[in-house]
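Chemist: Before we start, here is the structure in question, set down as structure tokens.
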Amino acid sequence: MNKRLLIIIIPIALTIIILTYLFLNIFNADDEKKEEIPQVYTSETIEDECTEEYIKLQNTTTVSSTQEEKLSANAILILKKYFINCDHTINEYVELPQELVNMTKDEVQAQYPEWEVIGFEANKLTLYKEFEDECGEHFILRIEDGKVIIYLLNKDGTESLYEKTDISSEYLTETDLLEIEQGLEVFGKEELNKIIEDFE
């Protein structure tokens, strides 16, 4: 039985020894190969006609990116008007005049010195101005003949007919009806349009 055990143990031990030897030699060989590679770092500059073209391209790119932003042809113009007498601000959205296309912020300010440039982007220009006046967008809603009628309030306090609507008073809520019967004041066309849409 001892002979059989020796026959099994000896080949296993030899196999382990051989594998260990091979394993250690392979890793040492890789380490030696890594050490053999010389690491040379140089700081030489190679220049040719491509390098010169690249430098010129970089310079032109830098120049164009430092230029001021200009207005595009499809930009919108917002005229922000503040009326001191009634303390209202009205925003008018208009098409950008052709003369302003490709202008910078400074050029626009020089073109319109009475306005202040308060917003400037390639696709949007906002100008601001104050007026010592009323905005002219003061309205009063009344009920006449069962319909909602819109009057414009003039500066002198008088009313002039602005629009006769087809909105019937019978479809209004009690609260809305009471407000309109007393004369509902509305400031600005945007607000007027919202109220009329709510009534419809």
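The values are calculated or read from the model by the stated rules, or taken from the named source; none is laboratory data. This structure is a prediction, so every number in the text was calculated from the model and none was measured. Positions of Cβ are backbone-derived with ideal geometry, glycine not excepted, and every protein chain shown enters the neighbour counts.
Chemist: So Gly119 fits all but one of (1) of a type outside the set (Lys, Arg); (2) over 20 Å from Thr89 (Cα atoms); (3) at pLDDT 90 or above; what number is the exception?
Modeler: (2)
Chemist: Still on this structure, please answer the following. List every residue pair whose Cβ atoms sit under 7 Å apart, with the two residues 6 or more apart in sequence or on different chains, where the first one lies in the stretch 100-117 and is closer than 9 Å to Leu71 by Cα and the second, anywhere, is surrounded by 14 or more Cβ atoms within 10 Å (Cβ to Cβ) and of a type outside the set (A, V, I, L, M, F, W, C).
Modeler: Asn102/Lys70; Met103/Lys70; Thr104/Lys70
Chemist: Let me ask another. All but one of (1) in the same structural domain as Glu191 (by TED's automatic domain parsing); (2) part of a strand (DSSP E or B); (3) loosely packed, with under 12 Cβ neighbours inside 10 Å; (4) of a type outside the set (A, V, I, L, M) hold for Tyr151; which doesn't?
Modeler: (3)
Chemist: Okay, moving on. Here are the criteria: (1) within 40 Å of the chain's Cα centre (by Cα); (2) assigned to a strand (DSSP E or B). Tell me which single one Leu161 does not satisfy.
Modeler: (1)
Chemist: Same structure again: Determine whether Phe131 is closer than 30 Å to Ile78 by Cβ and in contact with a helix residue (DSSP H, G or I) (Cβ under 7 Å, 6 or more places away or on another chain).
Modeler: Taking the combined requirement at face value, the residue does not satisfy it.
Chemist: Let me ask another. Of these, Thr89, Thr42, which one is among the polar types (S, T, N, Q), in contact with a strand residue (DSSP E or B) (Cβ under 6 Å, 6 or more places away or on another chain) and either modelled with pLDDT under 80 or assigned by TED's automatic domain parsing to the domain that holds Leu127 (or both)?
Modeler: Thr89
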